[in-house]
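Asker: The structure that follows is given in the form of structure tokens.
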Amino acid sequence: MEAENGEGQVQVHLKTKQEHYAVPDVPYAIEGSVATNELNIFLNALLQKQGSDGVDFDFLVFDEYLRGRLCDHLREKAISFEDAIEIEYVERFPAPEPQDCLLHDDWVSAVKARDKWILTGCYDNTINIWTNKGKHKLTIPGHTAPIKAVDWISLDEQYGRFVSSSQDQTAMLWQWNIDSNAVECISVCKGHERGVDSVSVSPDGQRFATGSWDTMLKLWSAELEDSAEGTSKRAKESGVRTPKLTLQGHRESISAVQWIDGQTLLTGSWDHTLKVWDLNLEGIKTEISTNKSIFDASYSSLNKLIVTASADKNLRLYDSRTNQGSVVRNTYLGHNAWVQAVMWSTTEEFLFVSGAYDNQNKLWDCRSPKAPLYDLLGHGEKVLDIDWSNPKYIVSGGSDNTVRVFKSKKANVEHMETK
């Protein structure tokens with residue numbers, strides 16, 4: 001009973017999947033009032049790591065990060081203090097380091113990184129290409145209204161191909177000759193009747209999907225030559241491309257679109273729903289109803305879960321594979337304004353990033369709902385988009401006319417090891 005008040009002791013077993021940090025599997029008696037700092041000191045003493053050799057760990061107690069006193073955590077989970085408690089410890093993900101600030105002429109509403117390049121889309125109707133070291137390569141005019149989304153189709157030593165979507169109701173396909181630093185518009189994709197808010201390229205790079213304020217989801221060819229039957233000669237000559245498929249089902253704007261695999265798409269909408277589409281059936285496979293407008297959604301191929309961003313300041317976790325798909329698996333509290341953008345890490349199973357109208361980016365572990373791992377500060381105004389496509393760089397664009405770049409130290413270390 002004493003431990004329940006934060007006094008007295010609790011029996012714990014310390015476990016880890018990182019075998020080089022394993023300690024003897026025996027019960028340890030620790031104070032019920034300990035928090036992460038005290039557990040770190042205790043564990044490092046067991047590992048005989050002192051001072052600068054010390055390792056920072058996070059601690060999982062019943063599948064959730066410890067973010068306060070152990071006794072409070074156990075009480076919240078209704079766990080008996082008489083039982084031996086298993087605590088799993090993991091090496092803490094290192095804090096991403098702020099890198100360059102890429103200055104633009106207007107709000108930056110779209111960002112996408114690939115290899116050493118960063119693609120940005122602006123409210124001055126231009127697309128820009130930068131190196132991830134902060135050097136500006138090219139400004140691309142063409143759209144007649146703000147850019148809302150960009151995505152890479154392919155990238156090699158000679159050419160980069162990408163797609164942009166805009167409030168001008170079109171998507172545009174581009175080919176960039178890297179050596180000559182010249183860009184060509186391959187085609188203008190027409191078919192939406194309102195602004196095009198989201199775009200995503202298929203895993204094989206042959207198609208892309210767009211979501212619009214007209215509530216439609218459309219599929220297009222991303223090939224250099226649109227060899228579709230039924231495409232008029234005049235359309236081919238003018239470079240205009242029409243959709244291969246239009247899917248209807250949302251009642252309000254589609255704010256997010258992402259390929260789950262070559263035949264499956266995820267969409268999120270202002271109509272409070274997530275939908276999973278089967279392209280073979282040309283229809284909806286799964287629908288998740290939420291009680292909030294969805295501004296962004298991200299699916300992880302590593303853990304098969306979906307995280308959403310909404311106007312009520314919270315991020316939510318869903319699993320589309322269960323019958324209780326509409327049941328929120330977890331809610332993440334930390335932003336204090338509406339959350340505009342979210343994206344899972346492509347290499348770290350539990351990590352995702354978010355950007356919000358409180359001028360902040362946050363890096364989260366999905367096992368830590370009460371607090372983010374890190375606040376990524378730098379923006380002076382609202383964050384409009386965030387991207388973690390390149391494991392080495394977290395990139396965000398905002399209404400302070402900047403792109404902020406944060407370098408992930410862990411990805412860099414792993415990259416060096418695999419070279």
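Asker: Do the conditions hold for Ile79, that is, is it modelled with pLDDT of 95 or more and of a type outside the set (Ser, Thr, Tyr)?
Answerer: It is false that Ile79 is modelled with pLDDT of 95 or more and of a type outside the set (Ser, Thr, Tyr).
Asker: I've got another one for you. Identify the residue in segment 177-204 that is touching a Gly at 6+ places or on another chain (Cβ under 8 Å) and closer than 14 Å to Gly142 by Cα and, among all such residues, is least open to solvent (accessible area, probe 1.4 Å).
Answerer: That would be Ser187.
Asker: Residue under question is Gly134, and the condition is that it be at pLDDT below 95, surrounded by 14 or more Cβ atoms within 10 Å (Cβ to Cβ) and touching a Cys at 6+ places or on another chain (Cβ under 9 Å); does it hold?
Answerer: Yes.
Asker: If you don't mind, another one. Which condition number in (1) in a helix (DSSP H, G or I); (2) assigned by TED's automatic domain parsing to the domain that holds Asp296 is the one that Cys71 fails?
Answerer: Going through the list (1) in a helix (DSSP H, G or I); (2) assigned by TED's automatic domain parsing to the domain that holds Asp296, Cys71 breaks only (2).
Asker: Being over 23 Å from Leu219 (Cα atoms), in contact (Cβ under 8 Å) with a residue 60 or more places away in the chain and open to solvent by less than 40 Å² (accessible area, probe 1.4 Å) narrows it down to one residue among Leu305, Leu315, Leu279; which is it?
Answerer: Just one listed residue meets the conditions, Leu305.
Asker: Sticking with this one: When you scan segment 363-371, do you find a residue that is open to solvent by less than 40 Å² (accessible area, probe 1.4 Å), closer than 17 Å to Thr120 by Cβ, touching a Ser or Thr at 6+ places or on another chain (Cβ under 9 Å) and modelled with pLDDT of 95 or more, even just one?
Answerer: No, because not a single residue in segment 363-371 is open to solvent by less than 40 Å² (accessible area, probe 1.4 Å), closer than 17 Å to Thr120 by Cβ, touching a Ser or Thr at 6+ places or on another chain (Cβ under 9 Å) and modelled with pLDDT of 95 or more.
Asker: Moving on to the next point. Just one of Ser165, Ser200 is assigned to a strand (DSSP E or B), modelled with pLDDT of 95 or more and in contact with a Lys or Arg (Cβ under 7 Å, 6 or more places away or on another chain); which is it?
Answerer: Ser165
Asker: Give the residue that is least open to solvent (accessible area, probe 1.4 Å), with candidates limited to residues of segment 331-347 that are modelled with pLDDT of 95 or more and more than 25 Å from Lys148 (Cα to Cα).
Answerer: Tyr332
Asker: Give the residue, chosen from Asp106, Asp168, Asp179, that is of a type in the set (Asp, Glu), in contact with a strand residue (DSSP E or B) (Cβ under 6 Å, 6 or more places away or on another chain), touching a residue at least 12 places away in the same chain (Cβ under 8 Å) and on the phi < 0 side of the Ramachandran plot.
Answerer: Only one candidate qualifies: Asp106.
Asker: Moving to a separate point now. Quick check on segment 213-223: of everything there that is touching a Lys or Arg at 6+ places or on another chain (Cβ under 8 Å) and assigned to a loop (DSSP other than H, G, I, E, B), which residue is most open to solvent (accessible area, probe 1.4 Å)?
Answerer: Of everything passing the filter in segment 213-223, Trp213 is most open to solvent (accessible area, probe 1.4 Å).
Rundown of residues vs (1) surrounded by 14 or more Cβ atoms within 10 Å (Cβ to Cβ); (2) assigned by TED's automatic domain parsing to the domain that holds Gly398; (3) at pLDDT 95 or above, yes/no style:
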| site | (1), (2), (3) |
| --- | --- |
| Gln18 | no, no, no |
| Thr36 | yes, no, no |
| Phe59 | yes, no, yes |
| Ser109 | yes, yes, yes |
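Asker: From the list Leu14, Leu102, pick out the single residue that is under 25 Å from the mean Cα position of the chain (by Cα) and modelled with pLDDT of 90 or more.
Answerer: Residue meeting the stated conditions: Leu102.
Asker: Here's another thing I want to ask about it. Condition first: within 14 Å of His379 (Cα to Cα) and hydroxyl-bearing (Ser, Thr, Tyr). Now tell me which residues in segment 97-122 satisfy that.
Answerer: Hit for segment 97-122 is Ser109, nothing else.
Asker: If you don't mind, another one. If you take the residues in segment 372-389 that are surrounded by 21 or more Cβ atoms within 10 Å (Cβ to Cβ) and out of contact with any Leu (no Cβ under 7 Å at 6 or more places or on another chain), which one is nearest to Thr402 (Cα to Cα)?
Answerer: Here the residue is His379.
Asker: For segment 78-93, give me each residue that is in a loop (DSSP other than H, G, I, E, B) and open to solvent by less than 70 Å² (accessible area, probe 1.4 Å).
Answerer: Ile79, Ser80, Phe81, Ala84, Phe93
The values are calculated or read from the model by the stated rules, or taken from the named source; none is laboratory data. The shown structure was predicted, so the numbers you read here are calculated from the model rather than taken from an experiment. Counting neighbours? That spans all protein chains shown, and the Cβs are built from the backbone with ideal geometry, glycine included. These accessible areas exclude ligands, DNA and RNA; they are computed on the full protein's heavy atoms, side chains included. Shrake-Rupley method; radii C 1.70, N 1.55, O 1.52, S 1.80 Å.
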